[in-house]
Every structure is written in C-alpha cells, then in structure tokens.
Amino acid sequence: MSQRATPPSPSPEAAAAAPLAARVDPDRLVSGYDARHHHLELRRAGRDLAGSVDAWALDAVRAWAAREGLHARLEAVVARPAVVTRAGGLRAGPSAAASTVSEVRLGEPVEVLAEEGGWRKVRTGPDRYLGWMPGERLTAAAPEATHAVTLLRSHAYAAPRVQGTVLARLAWGDRLRVREEGAAFHEVLLPDGRTGFVPAPALTPTGEVPLASPLESWRPFLET
C-alpha cells in the first residue's frame, strides 16, 4: 500500500513572511491610478491588508478595504527630499536585476518613498516617475544647483586641467553648484560634497538654459 508524501513544512523565514506575502494589484482600487507615478504598495493575507500609499489615495483604499471586509493597516507615505549623487537607471524593483523604467541625472532632486535593504524607492522631481535605486547614490544635504550641463558629455576633474583625475562623468541635464567661475574651468561643488573643475563651455546657469522645440532639443542626440 503506497503512502502519500507529506509536503515539507515551510521554513521559519517563509512562515514569517507569509502574513504579507500576497501583493495586491491596485489597478482597480483607485480611479486614475498610474503605476508609473503613484505609490500604492499593498499586501494581503486572508482578511488582513497592510501597506503604504500616497496620501491622496488613502481614503479610497480604506473604502475598498471596508467593502471587502478587510482589516486595513495603512499608512500615508511621507516623502523625504534627497538629491542624486550619481546618475543611473531607475529599476522596477529593489534589485540590480530588475528592469530599467527610467533614469536619474546627477544633482536631480527626488522624493524617497520607501526603503528595502540598501535600495530606495524614489519619485523623480521633473516628471514624477517612480523607481528603485541604491541608497548610496542619494544624499539629503546636497548644495543647491546653480548650473546645468548643456553638452552631451563632459567631466568633472580634480584639478582645472583635462589631464586631471576624473571625479565624475557628466552628461546633458546634470546639475551642479558653481563656486567660482573661470575662463576655461568653473570650480564646482558636486552633490556628494567634493570639489571639482568642469570646462566652462559645458555649463549654463539654470535660469539661462534655452527653451527649444522638441526637434531642436533632440537633434544633438542623433547617432548617440
């Protein structure tokens, strides 16, 4: 007579994660929800619902939970301002293996919405996109930017010469604080607090960056 195999017991780690293991898809919970811009992190186990959401959606999610007979433990997310110290991609999840959903530029202001390990979920300042990036690339005490990089590529050097050590590779849209202007190089304060020197033609005061049509703006990027 054959015996039915007994399924293995879950590990202590899996058992501890079980109460919040099931993610809830918020697409149908909140009118106007857009995963690219709106933070709704919800997890459900049985009749329990927990998570954090943007403040504007909190009442709607609570109302949905009440209709479903769920016990809701929800928090309105409190965004913390930060500045990007190194440009890079924004990931769909807290992992270097996750797909890239957008990017951030050096000196760009963002809002930190959540943390998971060494990763931070942020919302970008200009276009309000959500994504994950390493926390080590953020600072809460960056100097206010005064200039933007308006060449496709440039560098911040440790000394005012192109033979100097490269402190940072720069690209169009990066933002820096100029401490002192020079004929050939501007002395700048990088978002991470280091002092560097950037070729003067690469920088334009943020208030003087010309507005152009999309076609004119995109033309320099042909074949890059």
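Taking every DSSP beta bridge that has both residues in region 32-128, what percent is antiparallel when rounded to the nearest 5?
75
List the trypsin sites (Lys or Arg not before Pro) in region 41-87 that DSSP assigns to loop (not H, G, I, E or B) and whose Cβ has at most 11 other Cβ atoms within 10 Å. Which are they?
Those that pass, being in a loop and sparsely packed, are 47.
Give a residue-ordered list of calculated ³J(HN,Hα) values for region 78-86 (Karplus: 6.51 cos²θ - 1.76 cosθ + 1.60, θ = phi - 60°; whole Hz; x for Gly, Pro).
Residue by residue, region 78-86 yields 10, 6, 10, x, 8, 10, 6, 9, 8 Hz.
Roughly how many percent of the accessible protein surface of the chain is carbon and sulfur, given a 1.4 Å probe and a whole-percent answer?
That share works out to 52 percent.
Using θ = phi - 60° and the Karplus form 6.51 cos²θ - 1.76 cosθ + 1.60, what ³J(HN,Hα) does each residue of region 30-41 get, whole Hz, x for Gly and Pro?
10, 5, x, 5, 9, 4, 6, 10, 10, 8, 9, 9
Scan [x] 64, 40, 29; [y] 86, 44, 36; [z] 72, 43, 31 for the value of Cα extents along the principal axes in Å calculated from this model and give just the label.
Given [x] 64, 40, 29; [y] 86, 44, 36; [z] 72, 43, 31, the calculated one carries the label [y].
Whose amide H sits under 5 Å from the amide H of residue 48, counting only residues 5 or more places off or on another chain, with H placed in the peptide plane?
Amide H neighbours of residue 48: 71.
Roll a 1.4 Å probe over the protein heavy atoms and report the accessible area of residue 194 in Å², nearest 10.
Solvent-accessible area, nearest 10 Å²: 100 Å².
What does the accessible area per residue of the chain come to in Å², with a 1.4 Å probe and no ligands, DNA or RNA counted?
61
With +1 on each Lys and Arg Cβ and -1 on each Asp and Glu Cβ, how big is the dipole of the chain about its Cα centre, in debye rounded to the nearest 20?
On the way: 27 positive and 26 negative charges, 106 e Å.
That gives a dipole near 520 debye.
Residues with amide H under 5 Å of residue 86's amide H, sequence separation 5 or more or different chain, H placed in the peptide plane at 1.01 Å from N; which?
For residue 86, the qualifying residues are 107.
Among 78, 37, 24, whose Cα projects farthest towards the positive end of the dipole of the chain, with charges put on the beta-carbon of Lys, Arg (+1) and Asp, Glu (-1)?
Positive-most Cα among the choices belongs to 24.
Find how many whole Å separate the alpha carbon centroid of region 147-209 from the alpha carbon centroid of region 88-138.
Centre-to-centre (Cα) distance: 23 Å.
Within region 60-114, report the GluC sites (Glu not before Pro) that DSSP leaves as loop and that have at most 14 other Cβ atoms within 10 Å.
Answer in residue order: 68.
For the chain, take the longest principal axis of its alpha carbons; what is the angle in degrees between that and the long axis of helix 58-67, to the nearest 10 within 0 to 90?
It works out to around 20 degrees.
The values are calculated or read from the model by the stated rules, or taken from the named source; none is laboratory data. All values derive from a computational prediction rather than experimental measurement. Every residue, glycine among them, receives a Cβ derived from its backbone with ideal geometry; neighbour counts consider all protein chains shown. SASA here: full protein model, heavy atoms, side chains in, ligands and nucleic acids out. Shrake-Rupley method; radii C 1.70, N 1.55, O 1.52, S 1.80 Å.
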